[in-house]
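Enquirer: I'd like to ask some things about the structure below.
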Amino acid sequence: MESSETAGEHALTKLEIQLDLIAQAFGEDSFGRKLFDDGTLDYLYVRGVIMVRDAYVAEVARLLEEDDEPEERGQEFVPVAGLLPGVSLFSVGERDVPRLLDKIDARLGEGIATPDHILSVTPVHPCPATEPTGVPDHSLPDPGPCPDSGSGTFIYVADTGLLDGAAAEHSWLAGVTGTKDPLDVQGGVTRIPEYAGHGTFIAGVARCMAPAARVVVTRDFDKAGAISEHKIVRRLREALRLAPDVINLSAGGTTRKDLPLLGFEAFWEAYRHYKGLVLVASAGNNSTRRPFWPAAFPQVVGVGALAANCRARAYFSDHGPWVDVYAPGEDLVNAFAHGIYTYREPPNTGTHHFHGMARWSGTSFAAPLVAGLIAARITRTGENGRQAASSLLAQARAQHLPGVGPVLWPCDTGDCGDRVACCCGSRHGAAGHCRC
């Protein structure tokens, strides 16, 4: 086992790699990062813009005009058109966003204005918590398909898209649709970019819990697995019109002063009118109690990860009272890409040739397990999405694990301490109720 000092060095190296990838995707002029003194990440944000509550726009504008530094005077403070009800996104030119927000906090109070945070499938530590690793050819998904169908339900996955051919190759993905998640093909050689296959793996986990559910995977996190806060909120608002039962969001981020994401306040205004819909989000892989948004919102089912033995919290999982439930998220096996993957994050080195399946870890993958369980329960009981989620969370609290918290296991089967040895179509054991 690596020492805590070595683990810390690896975490910082991983962070540097991830930040470089996101910076390249956004462009250095648009990408902002706020670090703590020890080099760890506080939050990511978009340069040149801030988000402001509509009721305070005039006051914020006056404050800027009065308090601009000499080098900032004459710069525009203008709204970006077509955004969110109740919240405006403003261009602030070349002003330093963190310093500007400190100024607004001091005069008007915290939460009036915030950054346009960057949300990612890879915050601080990787989310997924590991890079994908190989499995033997012809491996089956683990956890495997459940007996409950989830028929008549709709799971919307906002992620990195769907790999070409995955739905045709894997029986449990049959009928899944989505936006293409591209691979890098040059000279007949397929190389798998970082974070490619994330959305496909997630769709596979959800489908194993609800094998007949309709699943759509969109390519929203297309900039090295990242997207700005205001853009993902706009896309989620558009998704509402499709009337899904469950939205899975295996991404998020930490925020300035740990304040809630301001853009999501506009989303909740629309979300509340869709009474049967529930949003499920991953709790993050930072190994801390620090809130991870949007999972930390009370309107969201925030999902942490259980370790591979299903009896303890995964070492990488965020935790705390804002996490609603824990589900298996370490060493899951599901659909992935075909091609060569080059490892960039220590301690892995070199390359690996994948053949359509992988083993992967992260709260990213615990979330769709819960999303799938919700869909399956909708079919079984006739509850809507929020009712089914509420019922499952009550069950999770009733079977809480000491030192962990509320838990759910694959296929909603009860106490399933050894995921590999039993449960609904995994490698051993009959489908149905199991007591390990």
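Enquirer: Let me spell it out: the conditions are (1) modelled with pLDDT of 80 or more; (2) under 28 Å from residue 195 (Cα atoms), and residue 7 meets all of them except one. Which number is the exception?
Expert: Of everything listed in (1) modelled with pLDDT of 80 or more; (2) under 28 Å from residue 195 (Cα atoms), residue 7 misses just condition (1).
Enquirer: Given the conditions (1) without any contact (Cβ under 8 Å) to a residue 60 or more places away in the chain; (2) open to solvent by 40 Å² or more (accessible area, probe 1.4 Å), and given that residue 183 satisfies all but one, which numbered condition is not satisfied?
Expert: (1)
Enquirer: Would you pick out the residues in segment 146-170 that are open to solvent by 40 Å² or more (accessible area, probe 1.4 Å) and modelled with pLDDT of 95 or more?
Expert: Those that are open to solvent by 40 Å² or more (accessible area, probe 1.4 Å) and modelled with pLDDT of 95 or more: 151, 152, 164, 165, 168, 169.
Enquirer: Consider segment 169-190. How many of its residues are within 24 Å of the chain's Cα centre (by Cα), of a type outside the set (Asp, Glu) and either assigned to a loop (DSSP other than H, G, I, E, B) or closer than 21 Å to residue 210 by Cβ (or both)? Let's see the steps before the verdict.
Expert: First, the residues of segment 169-190 that are within 24 Å of the chain's Cα centre (by Cα): 170, 172-184.
So of that shortlist, the ones also of a type outside the set (Asp, Glu) come out as 170, 172-180, 182-183.
Cutting the leftovers down to either assigned to a loop (DSSP other than H, G, I, E, B) or closer than 21 Å to residue 210 by Cβ (or both) gives us 170, 172-179, 182-183.
So the count comes out to 11.
Enquirer: Can you pull out the residues in segment 297-347 that are at pLDDT below 95, closer than 30 Å to residue 186 by Cα and open to solvent by 40 Å² or more (accessible area, probe 1.4 Å)?
Expert: 342, 344, 347
Enquirer: Hey, any hits in segment 200-219 for a residue that's among the basic types (Lys, Arg) and without any contact (Cβ under 8 Å) to a residue 24 or more places away in the chain? Outline the logic, then answer.
Expert: Filtering segment 200-219 for residues among the basic types (Lys, Arg) gives 207, 214, 219.
Now drop any that are not without any contact (Cβ under 8 Å) to a residue 24 or more places away in the chain, which leaves none.
Within segment 200-219, not a single residue is among the basic types (Lys, Arg) and without any contact (Cβ under 8 Å) to a residue 24 or more places away in the chain.
Enquirer: Go through segment 375-404 and report how many residues are more than 16 Å from residue 274 (Cβ to Cβ) and touching a Leu at 6+ places or on another chain (Cβ under 9 Å). Explain how you work it out, then say what you get.
Expert: Of segment 375-404, the ones more than 16 Å from residue 274 (Cβ to Cβ) are 376-377, 379-382, 391-404.
Applying the additional criterion that residues be touching a Leu at 6+ places or on another chain (Cβ under 9 Å) yields 377, 392-393, 395-396, 399, 401, 404.
Residues flagged as more than 16 Å from residue 274 (Cβ to Cβ) and touching a Leu at 6+ places or on another chain (Cβ under 9 Å) within segment 375-404 amount to 8.
Enquirer: How many of the residues making up segment 359-386 are open to solvent by 40 Å² or more (accessible area, probe 1.4 Å), in contact (Cβ under 8 Å) with a residue 40 or more places away in the chain and part of a helix (DSSP H, G or I)?
Expert: 4
Enquirer: Another one. From 12, 35, which residue is under 25 Å from residue 258 (Cβ atoms), out of contact with any Lys or Arg (no Cβ under 9 Å at 6 or more places or on another chain) and at pLDDT below 65?
Expert: From the options 12, 35, the qualifying one is 12.
Residues are listed down the side, and each one gets a yes or a no for (1) in contact with a Pro (Cβ under 6 Å, 6 or more places away or on another chain); (2) within 20 Å of residue 218 (Cβ to Cβ); (3) free of Cβ contacts under 8 Å to residues at least 40 places away in the same chain:
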position: 267; (1), (2), (3): no, yes, no
position: 286; (1), (2), (3): no, no, no
position: 289; (1), (2), (3): no, no, yes
position: 295; (1), (2), (3): no, yes, no
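Enquirer: Within segment 388-400, count every residue that is open to solvent by 10 Å² or more (accessible area, probe 1.4 Å) and touching a helix residue (DSSP H, G or I) at 6+ places or on another chain (Cβ under 8 Å).
Expert: Qualifying residue count, segment 388-400: 2.
The values are calculated or read from the model by the stated rules, or taken from the named source; none is laboratory data. Because the structure is predicted, anything quoted here is derived from the model rather than measured. Cβ sites come from the backbone with ideal geometry, for glycine too, and all protein chains shown count toward neighbours. Please note that ligands, DNA and RNA were not included when accessible areas were found on the heavy atoms of the full protein model with its side chains. Shrake-Rupley method; radii C 1.70, N 1.55, O 1.52, S 1.80 Å.
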